[in-house]
1. Under a 5 Å amide H to amide H cut-off, with H placed in plane at 1.01 Å, what residues pair with GLY10 once short-range neighbours are removed?
2. Simple spin-label model, 7 Å along Cα-to-Cβ: LEU26 to GLU12 in nm?
3. Taking only C-alpha pairs under 8 Å that are 6+ residues apart, what is the relative contact order of the chain in percent?
4. From the helices alone, meaning DSSP H stretches of at least four residues, give me the mean residue ellipticity at 222 nm for the chain, per-run term -39500 (n - 2.57), in deg cm²/dmol to the nearest 500.
5. Taking +1 at the Cβ of each Lys and Arg and -1 at the Cβ of each Asp and Glu, which of LEU26, SER3, TRP48 sits farthest along the dipole of the chain towards its positive end, judged by Cα position relative to the Cα centre?
6. Dipole size in debye (nearest 20) for the stretch 18-59 around its Cα centre, Lys and Arg Cβ +1, Asp and Glu Cβ -1?
7. Apply the Karplus parameterisation 6.51 cos²θ - 1.76 cosθ + 1.60, with θ equal to phi minus 60°, to every residue of the stretch 43-60 and state each ³J(HN,Hα) to the nearest whole Hz, in sequence, with x for glycine and proline.
8. Counting only residues 5 or more places away or on other chains, whose amide H sits under 5 Å from the amide H of LEU39 once H atoms are built in the peptide plane?
Amino acid sequence: MISYCDHCGGPEGESGHDGCRRARALEPPRYCARCRRRLVVQVTPAGWTARCAEHGSLSG
C-alpha cells in the first residue's frame, strides 16, 4: 500500500519531504496520507480538525 505525504500529497517514498516534515510541526495536514485526497481542515484556537471524505476525521 502506498502512503502519501500529508503536507504536499506526493508519494511518501520519494525524497524531498524534509521541508514538509518541518512545516507539519506547525501546520495541520492538507492531504490524506492513505488516499491523497485533499482534506477539509478547520483551525481553531484550541487546535485543528481535518476530514477526509473517504477515511474520516483527524484532530490535533
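Every read-out reported here was derived from the displayed coordinates using simple, explicitly stated rules and does not represent laboratory data. Everything quoted here is computed from the prediction, not taken from an experiment. Note that we place each Cβ from the backbone using ideal geometry, even for glycine, and neighbour counts take in every protein chain shown.
1. Residues meeting the criterion, in which the H sits 1.01 Å from N, are CYS5.
2. Going from the LEU26 label point to the GLU12 one covers 2.4 nm.
3. Details: 101 pairs, mean separation 16.2, N = 60.
Relative contact order for the chain comes out at 27 percent.
4. -3000 deg cm²/dmol
5. TRP48
6. Using Cβ point charges on Lys, Arg, Asp and Glu, the stretch 18-59 gives about 140 debye.
7. 9, 10, x, 8, x, 8, 10, 9, 10, 9, 4, 9, 10, x, 9, 10, 8, x
8. TYR31, CYS32
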